[in-house]
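Chemist: Below: one structure in structure tokens.
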Amino acid sequence: MNEIERYEFDRQGYLIIRNMLSESQTRDLSAAIDALEDRAEARLSRPADKVSAWGPEYRHDAEHGYYVRGARQTGKTMIIEDFFNADPVFDLLVGHTPTMEYIRAIVQERPTINNSEIRIRYPGNQTSTHLGGPVASKYRYSYTSDGISCMMVRMIYFVHDVQPGQGEFCVVPATHKSNMLSPYEGTDPDKEPGMIGLPVRAGDAILFTENLRHGGLTNRSQQTRKTLHVGYGPYWMKSQNISTMDEEPNILPETFARYSREQRLLFRSWNTLLPD
């Protein structure tokens, strides 16, 4: 993170990072998402395996280690959590060097991965506006004598273009520093004053603090919008996936076995080093 990026992230609460992924990485991740979407759709026809402490019902694929909710239909979203377990292709995002350079600049304690979601938003879908202003301490944003200090942050990776009208990720800039909650009624991102969409190209990424007010504008196109979310925070913060909120990270033994020592530390919620 260079000086300009650090300034803009502090000022606005987000960054658009161009060409974060190579063409081959983008292509491979897109194909893996498509395959997992087909597999997860079949899982959705089964009874719920788990009800989150936050309310949503999830189906669990024990063999491939992911949780899924939602529906594959117009106006709906499919959310697949713990996707790292489902396909080794996703491993390239675990300890991804360009990503970690940004994360280490804004998370002051040893950072770990606490969130992993594939969000598939079908035509007609929108994501309700949420957060911004004074929020729970585990999502807070602050600036200390050591610089930017974030709790939870997310990197969103885009595997295809998302242009105006295609369900852009949207934010109300600078609301991560607001001392007041939004006074506007409702959670419709299309109607909230100050909300802006962030158009991107395939291979781009958006980094933002969870403290920022954000959502997803209505997808008015015929394109299904597919993104990968990876969340980070200090090592003591446990899972922030809705299916496993505040539990230990859901990483299968065979997934963990694929990782290097440095990658494994990204899923350790205590500050004990692993043996070499």
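The values are calculated or read from the model by the stated rules, or taken from the named source; none is laboratory data. Being a predicted model, the structure only gives us computed values, none of them experimental. Heads up, the Cβs are rebuilt from the backbone with ideal geometry, glycines too, and the neighbour counts pull from every protein chain shown. For the accessible areas, the whole protein counts, side chains as well, though only heavy atoms, and no ligand, DNA or RNA atoms are used. Shrake-Rupley method; radii C 1.70, N 1.55, O 1.52, S 1.80 Å.
Chemist: Between a first residue in segment 148-170 that is free of Cβ contacts under 8 Å to residues at least 60 places away in the same chain and a second residue that is of a type in the set (D, E, K, R) and assigned to a strand (DSSP E or B), which pairs have beta carbons less than 7 Å apart while being 6 or more apart in sequence or on different chains?
Modeler: Close Cβ pairs satisfying both conditions: Q166/R225; G167/R121; G167/R225.
One line per residue, one yes/no per condition, for (1) over 14 Å from the mean Cα position of the chain (by Cα); (2) buried (at least 22 other Cβ atoms within 10 Å of the Cβ); (3) closer than 27 Å to G203 by Cβ; (4) of a type in the set (G, A, S):
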{"position": "T144", "(1), (2), (3), (4)": "yes, no, no, no"}
{"position": "I148", "(1), (2), (3), (4)": "yes, no, yes, no"}
{"position": "V153", "(1), (2), (3), (4)": "no, yes, yes, no"}
{"position": "H160", "(1), (2), (3), (4)": "yes, no, yes, no"}
{"position": "G165", "(1), (2), (3), (4)": "yes, no, yes, yes"}
{"position": "F169", "(1), (2), (3), (4)": "no, yes, yes, no"}
{"position": "K177", "(1), (2), (3), (4)": "yes, no, no, no"}
{"position": "P183", "(1), (2), (3), (4)": "yes, no, no, no"}
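Chemist: If you don't mind, there's one more thing I want to ask. Which ones in segment 194-217 are open to solvent by 20 Å² or more (accessible area, probe 1.4 Å) and touching a residue at least 60 places away in the same chain (Cβ under 8 Å)?
Modeler: M195, R201, A202, R213, L217
Chemist: R11 passes all but one of (1) touching a strand residue (DSSP E or B) at 6+ places or on another chain (Cβ under 8 Å); (2) assigned to a helix (DSSP H, G or I); (3) open to solvent by 30 Å² or more (accessible area, probe 1.4 Å); (4) touching a residue at least 24 places away in the same chain (Cβ under 8 Å); which number fails?
Modeler: For R11, the failing item is (1).
Chemist: Which of the residues that make up segment 218-241 are assigned to a strand (DSSP E or B) and either open to solvent by 10 Å² or more (accessible area, probe 1.4 Å) or closer than 17 Å to I33 by Cβ (or both)?
Modeler: Passing the criteria: N219, R225, K226, T227, L228, H229, V230.
Chemist: Test each condition in (1) more than 20 Å from F208 (Cα to Cα); (2) crowded, with 20+ Cβ neighbours inside 10 Å; (3) touching a Pro at 6+ places or on another chain (Cβ under 7 Å) for T74 and report the one that comes out false.
Modeler: The failed condition is (2).
Chemist: Please list, ordered by first then second residue, the pairs with beta carbon atoms under 9 Å, 6 or more apart or interchain, first in segment 118-132 and closer than 18 Å to M195 by Cα, second aromatic (F, W, Y) and assigned to a strand (DSSP E or B).
Modeler: From segment 118-132, the pairs are T127/F169.
Chemist: Here is a further query. Specify which of the listed residues (G215, G194, G203) is in a loop (DSSP other than H, G, I, E, B), small (G, A, S) and under 15 Å from H229 (Cα atoms).
Modeler: Only one candidate passes the filter, namely G203.
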